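Read through the structure below, which is laid out as structure tokens, and then see the notes.
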Amino acid sequence: MVPAIAIAMAVAFPLYSYMVAPDEVPVTTESSAFSDGKLVMSNPKLEGFTKALLPYAMTAVRAVQDTAKEGVIELEGISARLPLNAETTAKVDALNGSYDRSGNTLQLDNEITVTTTDGMVAKLKSAFLDMDKGNMKTEQPVEISRAGSRITSDTMSVEDGGKVMIFEKRVRVSIDPAARKADQKKSGDTNATQ
């Protein structure tokens with residue numbers, strides 16, 4: 001069960017698959033203005049479809065682009081709804097982040113929460129995403145839980161588009177057999193030992 005939790009979490013983060021979907025995806029904003037040499041956008045929203053034609057949406061309360069740093073966009077109040085597959089979506093919330101267009105990287109800071117429609121919850125303090133490589137890394141504590149299973153570690157990295165996950169430093173795994181049994185009964189999963 002814990003590997004399934006890790007895989008679900010990894011799939012939520014390679015945002016590159018959403019960012020490189022059709023180039024003609026419009027970004028809408030409620031308002032925009034220049035202030036102190038910066039373009040400030042209120043409530044920017046990006047909606048579209050992945051390469052697999054599944055809908056996604058990403059919003060922020062505010063986006064700020066310094067004209068001196070043209071390729072860098074600071075984001076505040078980030079919220080995204082991302083499909084993991086046709087049946088499951090992930091809601092990703094982060095207090096703030098910084099997108100670097102030239103490096104195609106996203107640095108998310110301060111309390112990131114990923115919640116999937118099938119019950120997985122992941123909490124991170126920060127994450128650095130390299131969308132070209134499909135990698136994610138955090139040097140701060142991670143907690144992932146679902147249906148009585150929980151994994152925590154001080155650091156984590158996701159590589160090769162989510163195919164490789166590495167948990168390091170004080171890794172802890174706990175499984176509540178009663179909760180697992182109840183979840184398996186509810187989902188009809190008869191392969192309980194894997």
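The values are calculated or read from the model by the stated rules, or taken from the named source; none is laboratory data. The structure presented is a predicted model; accordingly, all values stated were derived computationally and were not measured. Here the Cβ positions follow ideal geometry from the backbone for every residue, glycine too, while neighbour counts run over all protein chains shown.
Name the pairs whose Cβ atoms lie under 6 Å apart, with the first residue in the range 125-136 and of a type in the set (Asp, Glu), the second in a strand (DSSP E or B), and 6 or more positions between them or separate chains?
Note: pairs meeting the criteria are Asp130/Thr105.
Restrict the check to the range 97-104 and report whether at least one residue is of a type in the set (Ser, Thr, Tyr), over 21 Å from Met156 (Cα atoms) and buried (at least 17 other Cβ atoms within 10 Å of the Cβ). Break it down into steps so the answer makes sense when it comes.
Of the residues in the range 97-104, the ones of a type in the set (Ser, Thr, Tyr) are 98-99, 102.
Still in the running and over 21 Å from Met156 (Cα atoms): 102.
When the remaining residues are screened for being buried (at least 17 other Cβ atoms within 10 Å of the Cβ), the result is none.
No: the range 97-104 contains no residue that is of a type in the set (Ser, Thr, Tyr), over 21 Å from Met156 (Cα atoms) and buried (at least 17 other Cβ atoms within 10 Å of the Cβ).
Being out of contact with any helix residue (DSSP H, G or I) (no Cβ under 6 Å at 6 or more places or on another chain), on the phi > 0 side of the Ramachandran plot and part of a strand (DSSP E or B), is that true of even one residue in the range 108-121?
Yes, the range 108-121 has at least one match.
Tell me, yes or no, whether the range 142-156 has at least one residue that is assigned to a helix (DSSP H, G or I) and at pLDDT 70 or above. Explain how you work it out, then say what you get.
Step one: list which residues in the range 142-156 are assigned to a helix (DSSP H, G or I), which gives none.
Within the range 142-156, not a single residue is assigned to a helix (DSSP H, G or I) and at pLDDT 70 or above.
Could you list, in sequence order, the residues of the range 64-76 that are surrounded by 15 or more Cβ atoms within 10 Å (Cβ to Cβ) and either over 22 Å from Asp36 (Cβ atoms) or not aliphatic (A, V, I, L, M) (or both)?
Looking only at the range 64-76, we keep the residues that are surrounded by 15 or more Cβ atoms within 10 Å (Cβ to Cβ), and these are 64-65, 72-75.
Scanning the range 64-76 gives Gln65, Glu74.
At pLDDT below 85, in a helix (DSSP H, G or I) and not charged (D, E, K, R): does that describe Ala178?
Yes; evaluated as a whole, the condition is true for this residue.
Only residues in the range 50-75 that are touching a residue at least 12 places away in the same chain (Cβ under 8 Å) and farther than 18 Å from Leu95 by Cβ count as the first member; pair them with residues that are among the β-branched types (Val, Ile, Thr) and crowded, with 18+ Cβ neighbours inside 10 Å, Cβ under 8 angstrom, at least 6 apart or cross-chain, and list the lot.
Here the result reads Gln65/Ile73, each pair linking the range 50-75 to a residue that is among the β-branched types (Val, Ile, Thr) and crowded, with 18+ Cβ neighbours inside 10 Å.
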